[in-house]
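Remarks on the structure that follows.
The values are calculated or read from the model by the stated rules, or taken from the named source; none is laboratory data. Owing to the predicted nature of the structure, the values given are computational and were not obtained by experimental measurement. Reconstructed Cβ throughout: ideal geometry from the backbone, glycine too, with neighbour counts over all protein chains shown. These area figures cover heavy atoms from the full protein model, side chains too; ligands, DNA and RNA do not enter into them. Shrake-Rupley method; radii C 1.70, N 1.55, O 1.52, S 1.80 Å.
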Amino acid sequence: MKFGIDIGHNTSPDGGAVGIKAENALNMEVGTRVIAKLRKLGHSVVECKPSSANSVSHSLWQRVNTANAACVDLYVSIHFNAFNWNAYGTEVYAISPTGRRYAFAVLEQICKLGFFDRGVKNGSRLLVVKNTKAPAILIECCFCDSKRDMDLYDAEKMATAIVEGLTK
Ligand SMILES: [Zn+2]
């Protein structure tokens with residue numbers, strides 16, 4: 001299977017949220033592990049994060065265009081949430097039935113680690129989920145401004161859970 005793995009943000013001026021930890025760093029440490037684990041399982045991975053961008057919109061469209069040009073089977077964008085330092089848990093965005101199936105599978109695996117299940121949500125307002133031709137999901141792994149989530153979080157376990165959700 002050919003996965004388009006998109007490590008969220010990390011392309012100035014497209015920076016992530018900053019809470020107890022910075023979303024950029026979390027996306028990177030989970031995303032690189034997900035990519036390595038999928039390749040180790042024999043899957044093909046197209047990395048969708050651009051190396052530079054002149055605006056947030058340019059950053060997002062390059063991710064979409066990379067996934068579409070490579071005709072990936074599934075597009076997966078990896079993010080961490082931030083809200084008010086109180087909210088916690090995991091949510092996954094999708095639109096299509098296939099996308100929703102993967103979204104539920106990933107959500108289930110992450111919640112097995114102890115994260116609160118915030119559900120699968122409608123991704124139709126998310127540029128990357130809406131404009132990729134392949135089924136697409138955007139994972140908000142947990143909240144980077146939640147002490148509960150950051151105490152529970154481990155990059156290796158998070159990446160393993162995502163890969164199990166994507167491949168089982
Ligand atoms: Zn994000």
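Put a dot 7 Å past each Cα toward the Cβ at SER57 and LYS112; how far apart are the dots in nm?
Distance between the two pseudo-spin positions: 4.2 nm.
Per DSSP H run of at least 4 residues, take -39500 (n - 2.57); add these up for the chain, divide by its residues and hand me the 222 nm value, nearest 500 deg cm²/dmol. Don't skip to the end; give the middle numbers.
On the way: 6 runs with 71 residues, N = 168.
Helix-only estimate at 222 nm: -13000 deg cm²/dmol.
Residues of the chain: accessible area per residue at 1.4 Å, in Å²?
46 Å²
Could you look at region 80-168 and say what percent of its accessible area is carbon and sulfur, using a 1.4 Å probe and all protein chains?
Numbers: 2150 of 4230 Å².
In region 80-168, the share of accessible area belonging to carbon and sulfur is 51 percent.
If you place +1 on the Cβ of every Lys and Arg and -1 on the Cβ of every Asp and Glu, how big does the dipole about the Cα centre of region 2-167 come out, in debye to the nearest 20? Can you show the working numbers first?
On the way: 19 positive and 16 negative charges, 84 e Å.
That gives region 2-167 a dipole magnitude of about 400 debye.
What base-10 log of the normalised intensity I(q)/I(0) is obtained for region 38-168 from the Debye formula, alpha carbons as equal point scatterers, at q = 0.15, 0.22 Å⁻¹?
One equal scatterer on each Cα of region 38-168 leads to -0.72, -1.36.
On a 22 Å Cα-Cα criterion, which of the cross-link pairs LYS2/LYS37; LYS112/LYS133; LYS37/LYS133; LYS40/LYS157 come out too long? Let's see the in-between values first.
On the way: LYS2/LYS37 13 Å; LYS112/LYS133 30 Å; LYS37/LYS133 24 Å; LYS40/LYS157 16 Å.
Listed pairs above 22 Å: LYS112/LYS133; LYS37/LYS133.
Putting +1 on Lys and Arg Cβ atoms and -1 on Asp and Glu Cβ atoms, find which of ALA69, ALA17, ALA159 reaches farthest to the positive end of the dipole of region 3-162.
Positive-end residue among those listed: ALA69.
Under 17 Å from a point placed 7 Å out from the Cα of GLU156 along the Cα-to-Cβ direction: which residues of region 9-36 have their backbone N that close?
Residues 29-36 fall inside that zone.
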